[in-house]
Amino acid sequence: MLASDIQYDKYNTLDDFLEQIINLYNNGKFKKVIFCSNKYLEKNPPSHKLYNILGITYNKLNNNKLAFDSYSKAINIEPNFAVSYFNIGLLFHEQNSFDRAIDNYKKAISLNPNYIDAMFNLANVLNENAQDKKAINVYRLLLKKDYNHVDTHYNLGVIFKKINRLSSSIFHFNEVLKIKSIYLDTFFNLGTLYQKIKNFEKAIYYYSQECKTNENNYMAYYLMGNANIEKGDLQHAYQNFKKTLQINPKFFSAFKYLGYIKQKEEDYSLAIHFYKKFLKINPSCSETYNNIGSIFEEKKEFVKALNYYKNSLKYDPVNYLAHHNMGNVLQKLGELDGAMDSYEKALKICPNNAETLLNYGCTNLRKGFLKIGFKMYENRFYSKEFICNPPKENLIWDGKKSLKGKHFFVYDEQGFGDIIQFSRYLILLKERGAKVTFKVREDLHKLLSTIKIDINLISNYPNYKEIDFESPLLSLPFLLGADIKNIPFQQSYIFANEKKITCWNKRLDNQKFKIGINWRGSNDDKSFGLNNLKKIAELPNVQLISLQKGESEEDLNNIDFPIKSFNGEIDNEGDAFVDTAAIIVNCDLIITCDTSIAHLSGALGKKTWILLKKIPDWRWMLNRSDTPWYQNTILFRNTSIKNWKLVFEKIYKKIKYNNI
């Protein structure tokens, strides 16, 4: 029936009229709803249902006053009419009059305890008014009436996420998906939640589902890239950050992570390219300057690295990592005072960081401050760079208690050179009256058994019931109060086997000045090329003898001057350095890079020349040609990064003119 055909006389039933009015409302003819309703009310008794419809219509036309008046008239006619209380609640809710909205929603629920919409809106207004606990209680009450109310599960997921009750949030978002397979941003929310609890596999799954339903959600791709990084999947992370930028080219944070990925892949030029793109929009990002600095540090471009670390600290003076990294670079540049200053600043920010404490200790050791250096070196137990277990708490020696009659267990750590260098401290334990057991790799037992004291050498851990104290080997200098003036046994403390000495002596040319050489260590930056020795090899009455073992012996095939080699015959019976020690004793001089041969030769007391890179390991300190560790040793320091020419010219002259 058309609006113009509506009859307002008493013969029309109210229900028929209401049906026609609702049709007008649903067709958007709001003014006709008002006109017809008022005409009807002029000739018929007042109706709370009709006034309620009038209130809804006035609200639709933004006439809040008439809407409120209409709802009020409906309640005056029917005081228990819950719907009008609900609608008044909506009216106040829209006006942000939260207390009055709450009161009216509650009234509606009191009149109709199963009024789902009123309960939902009450919970919503409580949620919007930061009354989380009350909102949760109302939502839960609603679910008891209608468990499949999807919006309630969704809103509970949002609230629990906000208040960091992550497992509850995950539960309700999962319930949403049981009711509806796709609903709003539920996939995205689950992705962020699983990422927070570090379940990156599930996070990636839900982000990918979000991207299937909303392929333009660049944030889902971005966060999925972050989750990929956490899983170590740099390839997919790279693809997702690229997709992020494809959707939103101005989302520059993705460039930072593209830089990070390429840095991890050691594609440094591309990493710097991405980082610089990010810095164009975020020129004050301290973290990114630090990352570029670490790239240049890795490339051994230390001055450039230093400048980027300075920029990092310019924008964030309390960036711990930048202070730490600056300390590392300054150490590598030989600027030890500056390095210590940087480490001290880092430690003010993170006082207990093991890496910084360790590096600070190594800087002190480089400066010759052994007491404080070895004390700080104890932080290696907690460093990522070292694999060394600290002593058991009940077996820690304080450096003061008497060792007389006590069983002291020491275990090895680090490399051959470290074991040889610091095994001298086993003697001091013995001199203090301890029974000493040293767990060390079995192939070193024969060499270390030449130390002139009774030490029990083992390869496995002992019965701890028999142990009074224990310590890793490199903790002994700290425990025994090592100082640059009291380093023990500088002359010699390890000895070669007499039979081996005689055996190897017969195979050497004793008419010549015999120089044992070792040119390659475990790190290339410590090594030097064999061709540097050519002029020395061509000196009359000089014989070069290779102490090199392993693959590096093949270098001998690429030279055109003589070096005596024993082609894999050295130390091939299972005992490390036993033959090497005997050959060293038979030599007149040892020339070696910084490797275990340097320590073995020094511990044997042989005249030893050690060639050191520009900034060597902490134990060799800086700016001195001698070492307190080995009395008969001279240090030749390279002033260049890779070119050893000047060092070998000096060595050549010393040998040629018998200035040895």
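The values are calculated or read from the model by the stated rules, or taken from the named source; none is laboratory data. Remember, it's a predicted structure, so these values are computed and weren't measured experimentally. Positions of Cβ are backbone-derived with ideal geometry, glycine not excepted, and every protein chain shown enters the neighbour counts. For accessibility, only protein heavy atoms count, side chains too; no ligands or nucleic acids. Shrake-Rupley method; radii C 1.70, N 1.55, O 1.52, S 1.80 Å.
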Q | Residue in the stretch 406-461 that is surrounded by the fewest Cβ atoms within 10 Å (Cβ to Cβ), counting only those that are acidic (D, E) and outside any helix (DSSP H, G or I) | A | D454
Q | Any chance E128 is under 23 Å from F160 (Cα atoms), in contact (Cβ under 8 Å) with a residue 24 or more places away in the chain and either surrounded by fewer than 19 Cβ atoms within 10 Å (Cβ to Cβ) or of a type in the set (D, E, K, R) (or both) | A | yes
Q: Assess whether N643 counts as being more than 24 Å from N523 (Cβ to Cβ), open to solvent by 40 Å² or more (accessible area, probe 1.4 Å) and modelled with pLDDT under 95.
A: no
Q: Those residues that are closer than 15 Å to Y652 by Cβ and among the polar types (S, T, N, Q), I need them from the stretch 500-549; list them, please.
A: N531, N532, N541
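Here is a yes/no grid of residues against (1) touching a Phe, Trp or Tyr at 6+ places or on another chain (Cβ under 7 Å); (2) open to solvent by 20 Å² or more (accessible area, probe 1.4 Å); (3) at pLDDT 95 or above; (4) under 30 Å from L258 (Cβ atoms):
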{"residue": "K134", "(1), (2), (3), (4)": "no, yes, yes, no"}
{"residue": "N137", "(1), (2), (3), (4)": "no, yes, yes, no"}
{"residue": "L143", "(1), (2), (3), (4)": "no, no, yes, no"}
{"residue": "A227", "(1), (2), (3), (4)": "yes, no, yes, yes"}
Q | Unique residue being surrounded by 19 or more Cβ atoms within 10 Å (Cβ to Cβ), out of contact with any Lys or Arg (no Cβ under 8 Å at 6 or more places or on another chain) and over 30 Å from K485 (Cβ atoms) when the list is N379, N364, N353 | A | N353
Q | Selected residue (only one of K465, K535 is open to solvent by 50 Å² or more (accessible area, probe 1.4 Å), more than 27 Å from N389 (Cβ to Cβ) and either in a helix (DSSP H, G or I) or in contact with a Ser or Thr (Cβ under 7 Å, 6 or more places away or on another chain) (or both)) | A | K535
Q) How many residues, within the stretch 90-109, are surrounded by fewer than 20 Cβ atoms within 10 Å (Cβ to Cβ) and hydroxyl-bearing (S, T, Y)? A) 1
Q) Does K514 satisfy being charged (D, E, K, R), at pLDDT 90 or above and crowded, with 19+ Cβ neighbours inside 10 Å? A) yes
Q. Right, Y222: of a type outside the set (V, I, T), surrounded by 21 or more Cβ atoms within 10 Å (Cβ to Cβ), over 17 Å from Q239 (Cα atoms) and in contact (Cβ under 8 Å) with a residue 24 or more places away in the chain or not?
A. no
Q. For residues in the stretch 615-640 being of a type in the set (V, I, T) and open to solvent by less than 90 Å² (accessible area, probe 1.4 Å), which is nearest to D525 (Cα to Cα)?
A. I615
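Output the residues belonging to the stretch 538-552 that are exposed (fewer than 15 other Cβ atoms within 10 Å of the Cβ) and either farther than 14 Å from I597 by Cβ or in contact (Cβ under 8 Å) with a residue 24 or more places away in the chain (or both).
Listed by number, the residues that qualify are E538, P540, N541, E551.
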Q) When only residues in the stretch 593-609 that are polar (S, T, N, Q) and not in a loop (DSSP other than H, G, I, E, B) count, which is most open to solvent (accessible area, probe 1.4 Å)? A) S596
Q.
The conditions are (1) open to solvent by 40 Å² or more (accessible area, probe 1.4 Å); (2) over 18 Å from C587 (Cα atoms), and F528 fails exactly one of them. Which is it?
A. (1)
**Q.** Subset of the stretch 74-89 (residues that are of a type in the set (F, W, Y) and open to solvent by less than 30 Å² (accessible area, probe 1.4 Å))
**A.** F86
Q: State which residue is most open to solvent (accessible area, probe 1.4 Å) when the search covers only the stretch 145-161 and only residues that are under 25 Å from D103 (Cβ atoms) and within 36 Å of the chain's Cα centre (by Cα).
A: V158
Q: Kindly indicate which of L612, L589 is touching a Leu at 6+ places or on another chain (Cβ under 9 Å) and either touching a residue at least 40 places away in the same chain (Cβ under 8 Å) or open to solvent by less than 30 Å² (accessible area, probe 1.4 Å) (or both).
A: L612
Q. Has the stretch 392-400 got at least one residue that is under 23 Å from D454 (Cβ atoms), surrounded by fewer than 18 Cβ atoms within 10 Å (Cβ to Cβ) and touching a residue at least 24 places away in the same chain (Cβ under 8 Å)?
A. yes
Q. If you check D575, D571, D555, D579, which single one turns out to be part of a helix (DSSP H, G or I), open to solvent by less than 60 Å² (accessible area, probe 1.4 Å), farther than 23 Å from I655 by Cβ and among the charged types (D, E, K, R)?
A. D579
Q. Would you pick out the residues in the stretch 123-172 that are part of a helix (DSSP H, G or I) and of a type in the set (K, R)?
A. K133, K134, R140, K144, K145, K161, K162
